[in-house]
Amino acid sequence: MQWRSVKDMNCSVARALSVVGERWTMLILREAFLGRRRFDEFQSGTGIARNILSTRLHALVADGIFERNEDAGPDHHIEYRLTKKGFELYPVMIALLRWGDTWMADEQGPPLTLTHRPCGHATTPTMVCSHCGEQIDARAMQAQAAPHAGKMSKPRSRARRHHETY
């Protein structure tokens, strides 16, 4: 299977990866969520080569993640602003941030702290069930194919394991 064909798979994860799965994309999005909007800001914040950044921004605009606008200021810079579709990738970014903080931070700890603006407190965002409010993890969830999904592989049954394996 060619990577280009994942967008045609009957799988939401594969389709999402067809848009954000390229290795520089999440770093570009990180910069956007940090308030960067201009090409030079993205380039400076990521270290990505200008030609690759240009290609990625073009693709993210075509996929509806960014909107490309000319700044009304005197310098007429081009700005890339997150669309609603792009803004809704924030939980994905936070999930990667939390995983990186847990498993990849050095001895000094995580490089960022998130502050919830409305209350002014540092926070660690979590996923919770939209029905009962309990925290979500993989063991508490069960995937079920929608009626229109067609044949899908069955999830493997999980045997009890020892230590910190899942």
>> Return the pair list, or none, for Cβ contacts closer than 9 Å from residues in region 123-138 that are assigned by TED's automatic domain parsing to the domain that holds ARG98 and in contact (Cβ under 8 Å) with a residue 12 or more places away in the chain to residues that are assigned to a loop (DSSP other than H, G, I, E, B) and surrounded by 11 or more Cβ atoms within 10 Å (Cβ to Cβ), at least 6 apart or on different chains.
In response: MET127/ILE136
>> Looking at (1) in the same structural domain as PRO110 (by TED's automatic domain parsing); (2) in contact with a Lys or Arg (Cβ under 7 Å, 6 or more places away or on another chain); (3) not small (Gly, Ala, Ser), which one does LYS7 not meet, given that it meets all the others?
In response: (1)
> Among the listed residues ARG37, ARG68, which satisfies the condition of being basic (Lys, Arg) and in contact with a Lys or Arg (Cβ under 7 Å, 6 or more places away or on another chain)?
Replying inline: ARG37
> exposed (fewer than 14 other Cβ atoms within 10 Å of the Cβ) and more than 16 Å from TRP24 (Cα to Cα): does that describe GLY73?
Replying inline: yes
>> Return the residues of region 83-130 that are of a type in the set (D, E, K, R) and surrounded by 10 or more Cβ atoms within 10 Å (Cβ to Cβ); say none if nothing qualifies.
In response: LYS85, GLU88, ARG98, ASP101
> Given the residues GLY86, GLY45, GLY100, GLY64, which is the only one that is under 19 Å from GLU22 (Cβ atoms), touching a Pro at 6+ places or on another chain (Cβ under 9 Å) and at pLDDT 95 or above?
Replying inline: GLY100
> In the list ALA145, ALA140, ALA159, which residue meets the criterion of being within 21 Å of SER12 (Cβ to Cβ), among the hydrophobic types (A, V, I, L, M, F, W, C) and modelled with pLDDT under 90?
Replying inline: ALA145
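The values are calculated or read from the model by the stated rules, or taken from the named source; none is laboratory data. Worth saying up front: this structure is predicted, and the values here are computed from it rather than measured. Neighbour counts run over all protein chains shown; Cβ positions are idealised from the backbone, glycine included.
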